[in-house]
1. Computed from the mean reciprocal separation of all distinct C-alpha pairs, what Kirkwood hydrodynamic radius does segment 171-227 have, in Å?
2. Based on the mean of other Cβ atoms within 10 Å per residue, sort peptides 208-218, 118-128 so the most packed one is first.
3. Size of the dipole of segment 186-265 about the Cα centre, Lys and Arg at +1 and Asp and Glu at -1 on the beta carbon, nothing else charged, in debye to 20?
4. Keeping every protein chain present and rolling a 1.4 Å probe, give me the accessible area per residue for segment 264-423 in Å².
5. Computed FRET efficiency, Cβ-Cβ of residue 103 and residue 306, R0 51 Å: what is it to the nearest 0.05?
6. With unit charges on the beta carbons (Lys and Arg positive, Asp and Glu negative) and the dipole taken about the Cα centre of segment 211-353, which residue among 254, 316, 278 sits farthest to the positive side?
7. Determine, for each peptide in 405-411, 372-378, the mean count of other beta carbons within 10 angstrom over its residues, then list the peptides with the highest first.
8. Give a residue-ordered list of calculated ³J(HN,Hα) values for segment 103-119 (Karplus: 6.51 cos²θ - 1.76 cosθ + 1.60, θ = phi - 60°; whole Hz; x for Gly, Pro).
Amino acid sequence: MTLHKSTIFYKALTICMMALLPMQSLMAQIEEKDIEEAVEENDACLEPTDSIVEPTDEIMMPEAMTAELDSLLKEWHNSKYLTLAGDCDDAGNLEYDTATYIDRLSRLPNVMEMPYNDVVRKFIDQYTGRLRRSISLFLGSGNFYMPIFEEALDAYQLPLELKYLPVIESALNPMATSRAGAAGLWQFIITTGKLYGLEVTSLIDERRDPIKASYAAARYLKDLYAIFGDWTLVIASYNCGPNNVRKAISRAGGERDYWKIYPYLPAETRGYVPAFIAANYAMNYYREHNICPAECLLPAATDTVQIRQNLHYEQIAALCDVSTEELQALNPQYRTPLIPGDSHICTLRLPSAAMSRFVEWGDSVYRYRRDELITNRKVVEVAEVKGRRGRGGGRGTITVRRGDTLGAIARRYGTSVARLRKLNGLRNNDIQAGQKLKVG
């Protein structure tokens, strides 16, 4: 499906530029040492740093490549909004000779080096063979997400081929969460996400916001490049942290060529860069392997509005003719159906037609079933202890019954004899039937 790119590009850029100014102000205060410490915390590798002792040829696949073949179809955002043609795989995969792969990689319009070797070939075979249906889904999702990635990367003058990093980071699933707790398309952990301006609370997780997270990732990648000055090392450090890359450089005798420090890197990072190269290949040469893109059913034209008070998906769905499922697909940053506009200036993305209805309804959208759907009360009354209203008295007053003692009354109403005496001006514990007593 062809997107109306001018619409989504303009809106994406508008939102991000508004968020970019405070982010730039924040980052201006962060020294290189702070950046390195922060990006080190974003280590997504499962292998402990201390385990990198001897060089090895072991390779681990990136986490996004290890899921079941059809797992993406089982995700709520893909099963409903991506569809594969029934005869998509009928033609089967085609394999080529080494010279063809070398030529195709060399012709990619990339700044970054995309060399061929046996490791890269293994990952190309994975994407065009076992994971070919995943590539179909990536191509369908890419119609929606790639323009957003390109805008963010271009804003920081970064190589546009970095737009394929989320393919191996998250399988283009904004709801993805790694075993290490990284979340979203670009797989930020909480601490690094917050450093780059992404808010995470019980109600909102901006690591899952495709636009804000893309701009944060662009800044993050630019900071890594300032440390290493080499894009291949940047990709490696994005995966396992700059400290692990430095250790590999040291163990390789000071070499700064990724393929020379390769044996000294964590196992997953050894597969990460080849997987990135293979993803670039597969996303550009899918036709040559008889891979057909899935159809993306997310709306081609969308618009955004800022929400400054609490708003529930059900309120929007009822008046704007849009489903709550589509609202969640377009706004994955909200962890519940409640958009927390009272505490945070929130961005709501809607299909263009729904946005027109939202504007027409105006404040009526916020008032619709508000008391029923938005239950976070600002003021509540505390219930009184049962029985405090006496038979013959007013509020907090009782009538003493025959046989009552001050101690029995105190126990009955959850108070003390001393308090009853003070409330009623009694000099002793003597009381009489029919007497009025204040109990609270």
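1. So the Kirkwood estimate lands at 11.2 Å.
2. So the order, starting with the most tightly packed, is 208-218, 118-128.
3. Value, rounded to 20: 200 debye.
4. So segment 264-423 comes to 50 Å² accessible per residue, rounded to a whole number.
5. Efficiency at R0 = 51 Å is approximately 0.55.
6. 254
7. Per-residue Cβ counts within 10 Å, averaged per peptide and sorted highest first, yield 405-411, 372-378.
8. 5, 5, 4, 5, 8, 5, x, 10, 6, 6, 6, 10, x, 10, 7, 5, 5
The values are calculated or read from the model by the stated rules, or taken from the named source; none is laboratory data. None of these values were measured; they are calculated from a predicted model. FYI the Cβ positions are ideal-geometry reconstructions off the backbone, even for glycines, and counts take in every protein chain you see. For the accessible areas, the whole protein counts, side chains as well, though only heavy atoms, and no ligand, DNA or RNA atoms are used. Shrake-Rupley method; radii C 1.70, N 1.55, O 1.52, S 1.80 Å.
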